[in-house]
Every structure is written in C-alpha cells, then in structure tokens.
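Enquirer: Would you mind keeping the following structure in view while I ask a few things?
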Amino acid sequence: MLFAQILVNGVLLGGLYGLMALGMALVWGVLNIVNLAHGALIMLGGYAVYFLFTGAGIDPFAALPMAMTGMFCFGYLLQRLLLNLIVRSALLNTLLISFGLDVVLTYVAQWAFTADFRAINPSYAGANITLAGITVPLARLAAFAVALLLAGLLWLLLNRTRLGRAIRATAQNLVAARLYGVEPRQLYAVTFGIGAALAGAAGGLYGVVAQITPYVGTSLTAKSFVIAIIGGLDNPLSVVLGGLVIGIAESAASLYLGPTYADVISFGLLVLILVARPARSLRMA
Amino acid sequence: MNAKLLEIEGLSAGYGAVPVLRGIALHVAAGEIVTLVGSNGAGKTTLLRAISRTLASRGRIRFDGRDLGALSPEAVFALGLVQVPEGRQLFARMSVEENLQMGAYLRRDAAGIARSFERVYRLFPVLFERRRQKAGSLSGGEQQMCAMGRALMAAPRLLVVDEMSLGLAPVVVDQLLGVLAEIRGEGVTILLVEQDVFAAFSVADRGYVLETGRIVREGKVSELAADPEVRRAYLGVAEAG
Ligand SMILES: Nc1ncnc2c1ncn2[C@@H]1O[C@H](COP(=O)(O)OP(=O)(O)OP(=O)(O)O)[C@@H](O)[C@H]1O
Ligand SMILES: [Mg+2]
C-alpha cells in the first residue's frame with residue numbers, strides 16, 4: 001500500500017515534470033538551443049498565474065490559458081529580438097546567452113516580486129480523495145491531467161498540422177526546409193513562443209502544488225534538462241514518460257532517504273548522464 | 001523553339017575571394033530537357049546555387065522574363081523554380097507522405113495539392129506503397145524518387161535536378177530517366193545536372209559541358225555525343241585510329 005502511494009505521488013508529480021521539460025525539449029530539438037533560462041520562464045508563468053489569482057480572483061486553472069498567451073508573446077519577442085542571433089550557433093554561445101538571460105529574469109523577478117515564497121491556494125487546494133486507501137490530492141490530480149492534456153495537444157500540433165510539420169522538418173533538415181519555402185526566423189520565434197507558453201503553464205501548475213520564489217528556476221532547468229535527455233527531443237509523449245521516471249524516483253527517494261534527497265535524484269542523474277553519455281546528451285539534436 | 005524560360009548571361013560566382021564560375025551563358029526553353037554535365041568540382045552545384053539565389057553572383061539570371069538578381073531564395077521558389085538538391089536532403093525521420101506534403105508547404109489550394117499527390121503516386125507507385133514509412137529507411141533509389149516527388153509537389157515550372165543518378169543502380173537510373181521524360185510530357189521544363197553523361201544524353205534535348213567554371217561546349221545532345229573531345233573526356237570512348 002505504501003508502495004502504491006509512492007507510485008501515485010510520483011506519477012502525479014512526474015506528469016508536471018514532463019510538462020516542464022516539454023518546452024525545453026522542443027526548443028532544444030528545433031532551435032538547437034539548450035535554454036538555461038527555461039526554469040526562469042516556468043517561474044515567470046508561476047508568478048503570472050499567482051497574480052491573476054490573488055489580484056484578479058481568477059481560478060488558477062482558468063488563468064493558465066491567459067498566462068500561456070502572455071508567455072507565448074514574451075517568448076516570441078525574445079526569440080525574434082535576441083535569440084535569433086544564436087540559433088544553431090556553437091553550444092557555448094547558446095549556453096552563455098541563455099545563462100545570462102536566466103540571471104536577468106531571476107534578478108528582475110526578485111526586484112519586482114520580492115523573494116517571498118508564494119503559493120497559489122484556491123479553496124480546493126487541500127482537498128483529497130481516497131481510493132482503496134491511497135490519498136490523491138485533487139489539485140495535483142488536476143495538474144497532472146492538464147499536463148497530459150497539453151502534451152497531447154503538442155503532439156497533435158507537431159504531427160497533425162502544417163505548422164507542426166514545418167517545425168519538425170526544420171529540426172531535421174534546415175537546408176531542405178528552406179529550399180521548400182519555410183522561413184526559419186519566423187518559425188523559430190513561433191517555436192520558442194510555444195516552448196515559453198508550455199513553461200508558463202508548468203509554472204502555474206507548479207505554483208498550485210508547491211511554492212514559487214524567484215530562484216526556483218535553476219533546479220527546474222536542471223530537472224527539465226535531465227528529463228529532456230531521458231525522453232528524447234522528438235516525441236512529447238516520451239518526454240512525459242521521462243517526467244514520470246523522475247517523479248517516481250523522487251517520490252521514492254523522499255520517502256526512503258528523506259525529503260531533502262528528492263532534488264539529489266535529478267542532479268545525481270544529471271551528473272551520471274553527463275559522465276556516461278556526454279556526446280549524446282549535448283548533441284542529441 | 002519556345003520562349004526561353006531560364007536565361008543566364010555573363011554569370012560569375014564564387015565562395016569568398018575564390019572564383020568558381022566565370023562568364024556562364026546558358027538558357028533553357030520552355031518544354032525542354034537540358035543537361036549540364038561536367039566532372040567533380042567543375043561548378044555545377046555552384047551554378048544551381050546561384051540560380052536558386054542561395055549564393056550571390058554577378059551577371060544576369062532571368063526566369064520567365066523576370067530578373068532574379070534581387071530576389072530571395074523563397075521568392076525564386078515561389079515563382080516555380082524548384083530544386084531536387086544534391087544528396088536528396090529528405091526529412092529522414094518523417095514519413096514519405098509528410099515529405100511530399102512539405103513540398104507543397106507554400107501551396108494553399110487543397111484541390112491542386114490533391115492532384116499533385118495523385119500525379120506523384122502515379123509516377124512513383126512505390127512511394128504510395130511506402131507512404132507511411134520513414135524517408136530515412138528507404139533505399140537509395142526510393143529516396144531519390146521521394147526527393148523528386150517532393151519537388152513535384154511544389155508544382156514546378158522548371159525542375160532542377162542535381163546528381164540524380166549518384167550512387168544508384170543502372171536499372172534505377174533508367175527508371176528515373178523514364179519518369180523525367182514523362183514529367184516533361186506533362187509540361188514541366190527540366191534542367192538536369194549529371195556526372196553520368198551517358199544517362200543525361202539519353203533523355204535530354206540539349207546539353208552544356210562545364211569545365212572549371214566555364215561552358216566549353218553546348219549544343220544538341222546528338223551533336224555533343226558525336227564530338228570527339230566530349231566522347232573522349234566524358235563518354236570514355238577512345239577514338240579509333
Ligand atoms: N560552400 C563552399 N565553400 C567554398 N568552396 C566551395 C563550396 N562549395 C563548393 N566549393 C568549391 O567550388 C568548386 C565547385 O564546386 P561544386 O560543388 O559547384 O562542383 P560540382 O560541379 O557540383 O561537383 P560535383 O560533381 O562533385 O558535385 C569546387 O572547387 C569546390 O571545392
Ligand atoms: Mg555538385
């Protein structure tokens with residue numbers, strides 16, 4: 001029974017982790033940018049939903065589409081005005097620029113929102129259902145469902161629409177995509193916008209199940225990175241599976257080793273992956 | 001013959017300070033199959049890059065009477081000047097069908113796209129059989145067919161094929177040459193770049209011979225095939241006596 005509870009906790013958490021990694025994997029695969037500011041985008045999405053909830057009284061789940069729209073525009077402009085300079089350039093350039101962006105976003109968030117912990121607490125935040133002795137927190141269940149829904153929508157977008165086809169084609173063969181009329185700058189900006197919107201949604205859900213500070217980005221970037229490597233860059237559904245792996249491992253670790261060890265899992269895996277498969281992990285695209 | 005669809009005069013181009021093409025003059029009339037032959041490094045692909053405007057050049061390139069000098073590669077493509085690039089450049093992890101759809105990326109006429117699909121599957125029945133298969137898992141010949149099919153999906157007026165026969169078995173090359181003739185029969189003009197001069201001459205009306213960046217011979221393929229110099233250098237025929 002304890003094992004089943006760990007599994008349920010891990011799966012619910014892992015779905016959200018998968019959603020966090022989706023945007024990172026998408027941007028990495030198509031633009032060849034390992035975006036170290038991805039966690040900061042998640043953090044911004046969290047604040048957006050937080051203020052929509054506390055300031056305007058909008059239910060956090062209803063606020064998600066608004067936060068996603070805002071984050072899409074932000075991501076689109078960021079790519080258009082800044083990151084297009086480093087698309088498909090050397091790995092070091094993309095790491096440096098996105099690290100700089102991470103620092104700036106974190107600093108701005110700290111200045112604008114203060115370093116206080118913020119949690120999004122709708123009336124149903126503490127509600128549970130109990131099934132066969134297993135406790136399922138409703139908010140986490142809803143967050144999990146939304147994460148799966150968004151992963152499914154991304155899969156549909158990539159595999160069933162003209163835009164998605166162009167995104168995948170550009171990721172696979174830029175020369176040929178251009179030859180057949182794909183305008184890469186525009187496409188890159190849209191792709192980064194989608195990645196930012198997904199990060200925004202993940203941030204809003206994260207705020208419902210955990211707490212947001214200006215500094216959460218770093219550890220969320222690391223988690224997303226590990227999950228993107230486990231799940232691969234091609235298929236959103238396998239990214240979600242990667243998220244489940246990390247979620248279950250973390251929930252087992254926090255029970256058997258103590259809650260402080262939860263973070264050690266993803267960082268430990270990160271180190272292991274970098275040692276064991278450095279080439280694959282850094283040049284996957 | 002018909003009006004000139006592609007007309008090139010005094011074209012020079014190169015990479016950085018290194019000149020590759022010098023004073024090229026070449027034309028393709030509507031409805032023709034014209035071949036451009038030459039050995040490795042002669043500058044054939046470079047000439048195609050200049051035509052598709054992915055490489056800057058001096059001189060004049062006109063397509064259907066319009067000057068291409070100031071146009072972007074996308075704009076040239078949109079005029080109906082479509083390339084099958086050297087090395088095929090397929091989207092390896094996408095299905096055959098999706099590769100074909102990418103050829104029609106800029107088209108919005110659903111009915112026209114459906115007709116193009118029919119035409120491509122009629123010309124290359126094997127692509128229809130393998131339409132759900134990943135392009136990267138096709139044989140070399142099938143990949144070339146997929147690349148040509150993708151170009152046809154763009155509804156080209158001038159189809160430019162670079163090194164169609166490279167690495168393919170003679171029987172496959174023959175089949176592709178047959179398809180080229182068929183495509184021309186449907187009103188598409190063709191510029192075929194080949195190292196396999198024998199194959200190219202078997203299907204083309206006229207040809208140009210490019211050597212180290214200059215056109216050294218041009219004419220009907222029957223005349224070129226009879227030219228002792230061409231026979232010796234490109235057809236591997238030793239003149240008797
Ligand atoms: N991107 C490039 N940068 C610099 N030089 C290049 C580049 N591409 C080709 N060249 C040079 O330009 C010359 C012509 O090359 P090009 O590819 O046009 O020849 P080709 O006739 O197509 O040969 P092949 O039959 O081998 O395809 C060669 O000397 C080549 O080394
Ligand atoms: Mg070439």
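The values are calculated or read from the model by the stated rules, or taken from the named source; none is laboratory data. Because the structure is predicted, anything quoted here is derived from the model rather than measured. Because the Cβ atoms are built from the backbone with ideal geometry, glycine has one as well, and the counts that use them run over all protein chains shown.
Enquirer: Would you list the helices (runs of 4 or more DSSP H) that sit entirely within the stretch A:113-224 and hold 3 or more residues that are in contact (Cβ under 8 Å) with a residue 12 or more places away in the chain and surrounded by fewer than 18 Cβ atoms within 10 Å (Cβ to Cβ)? Break it down into steps so the answer makes sense when it comes.
Expert: On the way: elements: A:138-160, A:162-172, A:174-179, A:184-209.
It comes to A:138-160.
Enquirer: Something else: Can you find even one residue in the stretch B:148-162 that is within 16 Å of ligand 2 (Cβ to nearest atom) and more than 12 Å from chain A (Cβ to nearest Cβ)?
Expert: Among the residues of the stretch B:148-162, at least one is within 16 Å of ligand 2 (Cβ to nearest atom) and more than 12 Å from chain A (Cβ to nearest Cβ), which makes the answer yes.
Enquirer: Go through the stretch B:207-225 residue by residue and tally those that are over 14 Å from the mean Cα position of the chain (by Cα) and touching a residue at least 40 places away in the same chain (Cβ under 8 Å).
Expert: As a first pass, look at the stretch B:207-225 and keep what is over 14 Å from the mean Cα position of the chain (by Cα): B:209-225.
Retained after the next criterion (residues that are touching a residue at least 40 places away in the same chain (Cβ under 8 Å)): B:209-215, B:218, B:221.
Total satisfying the criteria: 9.
Enquirer: Separate question: Give the stretch B:190-241 a look and list any residue that's of a type in the set (G, A, S) and assigned to a strand (DSSP E or B), or say none.
Expert: First pass over the stretch B:190-241, keeping only residues of a type in the set (G, A, S): B:199-200, B:202, B:204, B:207, B:213, B:219, B:222, B:225-226, B:233, B:236, B:238, B:240-241.
Within the stretch B:190-241, B:G207, B:G219 meet the criteria.
Enquirer: Return the residues of the stretch A:33-53 that are out of contact with any Pro (no Cβ under 6 Å at 6 or more places or on another chain), among the β-branched types (V, I, T) and buried (at least 24 other Cβ atoms within 10 Å of the Cβ); say none if nothing qualifies. Don't jump to the end; show me each part of the working.
Expert: Taking the stretch A:33-53 first, the residues out of contact with any Pro (no Cβ under 6 Å at 6 or more places or on another chain) are A:33-48, A:50-52.
Next, from what is left, pick out any that are among the β-branched types (V, I, T): A:33-34, A:42.
Hits for the stretch A:33-53 are A:I33, A:I42.
Enquirer: Give the number of residues within the stretch B:58-82 that are of a type in the set (V, I, T), free of Cβ contacts under 8 Å to residues at least 60 places away in the same chain and within 14 Å of chain A (Cβ to nearest Cβ).
Expert: Going residue by residue through the stretch B:58-82, those that are of a type in the set (V, I, T) are B:61, B:76, B:82.
Subsequent filtering for residues that are free of Cβ contacts under 8 Å to residues at least 60 places away in the same chain retains B:61, B:76.
So of that shortlist, the ones also within 14 Å of chain A (Cβ to nearest Cβ) come out as B:76.
Final tally of qualifying residues: 1.
Enquirer: Condition first: closer than 15 Å to B:R132 by Cα and within 7 Å of chain A (Cβ to nearest Cβ). Now tell me which residues in the stretch B:91-107 satisfy that. Steps first, answer last, please.
Expert: Of all residues in the stretch B:91-107, those closer than 15 Å to B:R132 by Cα come to B:91-102.
The answer is B:F91, B:A92, B:R93, B:M94, B:E98, B:Q101, B:M102.
Enquirer: Just to be sure I understand the filter: pairs with C-beta atoms under 7 Å, separated by 6 or more residues or on different chains, first member in the stretch B:34-57 and within 14 Å of chain A (Cβ to nearest Cβ), second member modelled with pLDDT under 95 and near ligand 2 (Cβ under 9 Å from one of its atoms). Which pairs pass?
Expert: B:T45/B:E86
Enquirer: Spot the failing condition for A:S89; the list is (1) exposed (fewer than 14 other Cβ atoms within 10 Å of the Cβ); (2) modelled with pLDDT under 95; (3) assigned to a helix (DSSP H, G or I), and only one is missed.
Expert: Tallying (1) exposed (fewer than 14 other Cβ atoms within 10 Å of the Cβ); (2) modelled with pLDDT under 95; (3) assigned to a helix (DSSP H, G or I), A:S89 fails exactly one: (3).
Enquirer: May I ask you to verify whether B:R150 is surrounded by fewer than 16 Cβ atoms within 10 Å (Cβ to Cβ) and either under 26 Å from B:L6 (Cβ atoms) or of a type in the set (D, E, K, R) (or both)? Give the derivation first.
Expert: Working: surrounded by fewer than 16 Cβ atoms within 10 Å (Cβ to Cβ): no; either under 26 Å from B:L6 (Cβ atoms) or of a type in the set (D, E, K, R) (or both): yes.
Answer is no for this residue.
Enquirer: For the stretch B:153-196, which positions are touching a residue at least 60 places away in the same chain (Cβ under 8 Å), of a type outside the set (K, R), more than 16 Å from ligand 1 (Cβ to nearest atom) and surrounded by 17 or more Cβ atoms within 10 Å (Cβ to Cβ)?
Expert: In the first step, residues of the stretch B:153-196 are kept if they are touching a residue at least 60 places away in the same chain (Cβ under 8 Å); the result is B:154-164, B:166, B:180-181, B:183-184, B:186-187, B:189-195.
The next check asks that each one be of a type outside the set (K, R); those that pass are B:154-156, B:158-164, B:166, B:180-181, B:183, B:186-187, B:189-195.
If we keep only those that are more than 16 Å from ligand 1 (Cβ to nearest atom) as well, we get B:154-156, B:158-159, B:180-181, B:183, B:186-187, B:189-190.
Answer for the stretch B:153-196, where residues must be touching a residue at least 60 places away in the same chain (Cβ under 8 Å), of a type outside the set (K, R), more than 16 Å from ligand 1 (Cβ to nearest atom) and surrounded by 17 or more Cβ atoms within 10 Å (Cβ to Cβ): B:A154, B:A155, B:P156, B:L158, B:L159, B:L180, B:I183, B:T189, B:I190.
Enquirer: Tell me which residues, restricted to the stretch B:193-210, are more than 10 Å from B:L36 (Cα to Cα) and within 14 Å of ligand 2 (Cβ to nearest atom).
Expert: Answer for the stretch B:193-210, where residues must be more than 10 Å from B:L36 (Cα to Cα) and within 14 Å of ligand 2 (Cβ to nearest atom): just B:D196.
Enquirer: For B:G80, which of the numbered conditions (1) within 15 Å of ligand 1 (Cβ to nearest atom); (2) closer than 20 Å to B:I183 by Cβ; (3) surrounded by fewer than 21 Cβ atoms within 10 Å (Cβ to Cβ) fails to hold?
Expert: (1)
Enquirer: Can you name the condition, by its number, that A:G126 falls short on among (1) within 11 Å of chain B (Cβ to nearest Cβ); (2) over 25 Å from A:A40 (Cα atoms)?
Expert: (1)
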